[in-house]
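Coordinate-derived values only; no laboratory data. Quantities reported herein were computed from a predicted structural model and do not represent experimental measurements. For neighbour counting, all protein chains shown are included, and Cβ atoms are generated from backbone atoms with ideal geometry for every residue, glycine included.
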Amino acid sequence: MHMTMDVLRGAGTERWALAVDVRPDQVSATATDPDGQKWTADATNLWSALRGLRVQLDEVGIRLGLNAARPDVQPSRMSLQMGGGRQAYAVTLGRPASREDLIDVLDPAPLDTVGTVSAQDDHRQRWLDSLG
């Protein structure tokens, strides 16, 4: 699958390509900037491949404009194992996730709603703590 996405790089916005290659035992996600520079991550599911890609890009201050990069988006174990990591939950503090909260991790997200992997991990812990 090939698509384009908005990317926050420093103070500017760019349009990048994203290629996702799904094989039975591995998913590869490759982001390509307008100059042709590529970053690639491989994993057993889409969510984990995008996370690996984001870890690399976080180091150079780049944020992907995808739902997968929103701090409030979290996968469940079932979505990773059964759904290949294509869907995750948009979680709300104090409320358990439900089917209505499922979203596609590759759908576009406004750049002012995305964050780092660390911010996503922090939000996940706050959400879990808020459930009591």
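Some points to look at:
- Any pair with Cβ under 9 angstrom, 6 or more apart, that starts in the range 10-23 at a residue that is over 15 Å from Ala109 (Cβ atoms) and touching a residue at least 60 places away in the same chain (Cβ under 8 Å) and ends at one that is part of a strand (DSSP E or B) and not polar (S, T, N, Q): Val20/His2; Val20/Met3; Val20/Val27; Val20/Ala29
- Restricting the search to strands (runs of 3 or more DSSP E) fully inside the range 1-116 and requiring at least 2 residues that are loosely packed, with under 11 Cβ neighbours inside 10 Å and over 16 Å from the mean Cα position of the chain (by Cα) gives 12-23.
- Pairs with Cβ under 6 Å, 6+ apart, first in the range 87-108 and more than 10 Å from Val73 (Cα to Cα), second of a type outside the set (Asp, Glu) and surrounded by fewer than 18 Cβ atoms within 10 Å (Cβ to Cβ): Leu93/Ser130; Gly94/Ser130
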